[in-house]
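In what follows, a structure is listed as structure tokens, so that the remarks can point back to it.
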Amino acid sequence: ARAAFDGLAAPGAGATGRPELSADRLCEGLARIFGGYALDTARQLAERLSAASGDAAGAAGAQETGFSFYEFVACARRLRETLLVAMWESFANADEDGDGLVPGETLAGLLPGLCGITLLRGSTAEILATLDPPPGGTPPEQLLDFDGFVRFLDACRATEGFSPGELQEIDEVFARFDYDDSSEIDTVELLDMLRYLGYATSLEAVHRLVKCVDSNSSGGLDRAEFRRLMRLHREIEIEEARGLFEATRTASNPSVSAAPSPMASPVASHLLAPAKASAGRLPAPRLGEALAGLGWNLRATTVERVAREFDHPDRMSFDEFFTFAQRCRKLFARERRNEAGFTVAEAEQLWVLYQRHGGSEEGGICWAGLEGLLAALGVPLRTAERRRGVLGALEEARQ
């Protein structure tokens, strides 16, 4: 609370000049303590308190003042109590036998309503494993008391429900696109970031997401706000993936004469047996179809290789399919970055020309071959200035 207050407060207007937090920054301060998940509740509380403060100042004929540190702490305590009431009500509803203990997996299902986080089974188990058992020694992945539930929620909120590897990816992308080292990104940079990660997101959708997480209405996002935005984006992604999973899983079996699936390759024949719908599982011949529906088209051999990393590639549950899709998304993003914005057909044409002028995947291409390639593309290097420009572009591409 002290760090959040000191980072936003300004000298007060009173005789003492003590730091005060202006009413329009109260919500931002609360969000710094509780995170983006509490932003809507913080906004409602801030509006009520600001209105009450303004009314009181007006009745006394005094100038409206901000919030002192102790008043800010009181606001934070009130917000925490509001959040705890919502947690208790959800926990009590889940505690059907009234013994004060609820299975961890059951409580994980309450997260979307409490903090907007949907956890897959593997993520739930990882977080539960970090918690201390309640009195009696029952492992938290089996049963949680209310205190354990609160700690479970806090652990989820601290990482926005992402695994350590996912958080590292998000933070690295944030640092990469923070061009001016301001620790903040704007909407245009955000659109580039999402596309860098493999998402085809519209500018309109980005504006909607920013509005949901921008606690100070600055139009930019700091690292914590970006993490929250990525959680909101992940929730949309999960909903879309679940819809595609169910629609594809329950569709009629593909016929033998149908167009080849992205899974269709000679070494994947064992995966392409007639699709038998297993309860809640997606047969292998439909993996490519569902993946394409998410906008991630990969080579058949790549899809097959990723599918082989799972215990049951021939019949995936939704959790397995979503994890599979995320791995494919990363590969898709890497391929698109390597293709530098070219279409697949254009990239293949460039590859043919590259080889024709002596280039190879292992050995690269010599300078004479590169000059010939660029000349064939209509970019002859006739001047020293143009050669220097190409050398600079190559150095930038390597970085």
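The values are calculated or read from the model by the stated rules, or taken from the named source; none is laboratory data. Just so we're clear, the structure is a prediction, and the values are computed from it rather than from any experiment. No Cβ is skipped: glycine too gets one built from the backbone with ideal geometry, and neighbour counts run over all protein chains shown. Side chains are part of the model used for accessible areas, which takes the heavy atoms of the whole protein and leaves out ligands, DNA and RNA. Shrake-Rupley method; radii C 1.70, N 1.55, O 1.52, S 1.80 Å.
What pairs come up if the first residue lies in segment 244-259 and is over 21 Å from residue 325 (Cβ atoms) and assigned to a loop (DSSP other than H, G, I, E, B), the second is at pLDDT below 50 and of a type outside the set (A, V, I, L, M), and their beta carbons are under 8 Å apart, counting only those six or more places apart or on different chains?
Here the result reads 253/274, each pair linking segment 244-259 to a residue that is at pLDDT below 50 and of a type outside the set (A, V, I, L, M).
For the subset of segment 184-199 comprising residues that are open to solvent by 60 Å² or more (accessible area, probe 1.4 Å) and touching a Gly at 6+ places or on another chain (Cβ under 7 Å), which member is nearest to residue 237 (Cα to Cα)?
Taking the candidates together, the pick is 186.
Report, by residue number, each residue of segment 149-183 that is open to solvent by 70 Å² or more (accessible area, probe 1.4 Å) and more than 15 Å from the chain's Cα centre (by Cα).
Passing the criteria: 151, 176, 179, 180, 181, 183.
Would you tally the residues in segment 105-124 being open to solvent by less than 50 Å² (accessible area, probe 1.4 Å) and assigned to a helix (DSSP H, G or I)? Give the steps one after another, and end with the answer.
From segment 105-124, those open to solvent by less than 50 Å² (accessible area, probe 1.4 Å) are 107-108, 110-111, 114-120, 122-124; that's our starting set.
Checking which are assigned to a helix (DSSP H, G or I) leaves us with 107-108, 111, 114-115, 122-124.
Summing the residues that are open to solvent by less than 50 Å² (accessible area, probe 1.4 Å) and assigned to a helix (DSSP H, G or I) in segment 105-124 gives 8.
Which ones in segment 109-125 are among the aliphatic types (A, V, I, L, M) and without any contact (Cβ under 8 Å) to a residue 24 or more places away in the chain?
Correct list: 110, 125.
Scanning segment 63-83 for residues that are under 30 Å from the mean Cα position of the chain (by Cα) and surrounded by fewer than 13 Cβ atoms within 10 Å (Cβ to Cβ), which turns out farthest from residue 115 (Cα to Cα)?
77
Taking segment 282-323 only, how many residues are in a helix (DSSP H, G or I) and charged (D, E, K, R)?
The qualifying residues number 6.
When residues of segment 318-358 are filtered for being within 30 Å of the chain's Cα centre (by Cα), farther than 15 Å from residue 288 by Cα and of a type in the set (S, T, N, Q), how many remain?
2
Counting only residues that are open to solvent by less than 60 Å² (accessible area, probe 1.4 Å) and not hydroxyl-bearing (Ser, Thr, Tyr), how many does segment 350-371 have?
Quick first cut of segment 350-371, residues open to solvent by less than 60 Å² (accessible area, probe 1.4 Å) only: 350, 353-354, 357-360, 364-365, 369-371.
Filter again for not hydroxyl-bearing (Ser, Thr, Tyr), leaving 350, 353, 357-359, 364-365, 369-371.
Adding up the residues that qualify gives 10.
Looking at the structure I just gave you, is residue 96 modelled with pLDDT of 80 or more, open to solvent by 80 Å² or more (accessible area, probe 1.4 Å) and part of a loop (DSSP other than H, G, I, E, B)?
Working: modelled with pLDDT of 80 or more: yes; open to solvent by 80 Å² or more (accessible area, probe 1.4 Å): yes; part of a loop (DSSP other than H, G, I, E, B): yes.
The answer is yes for residue 96.
Return yes when residue 233 is of a type outside the set (A, V, I, L, M), open to solvent by less than 50 Å² (accessible area, probe 1.4 Å) and touching a residue at least 12 places away in the same chain (Cβ under 8 Å) and no when it is not.
yes
A quick yes/no check of all residues on (1) of a type in the set (Val, Ile, Thr); (2) surrounded by 14 or more Cβ atoms within 10 Å (Cβ to Cβ):
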site: 201; (1), (2): yes, yes
site: 220; (1), (2): no, yes
site: 240; (1), (2): no, no
site: 243; (1), (2): no, no
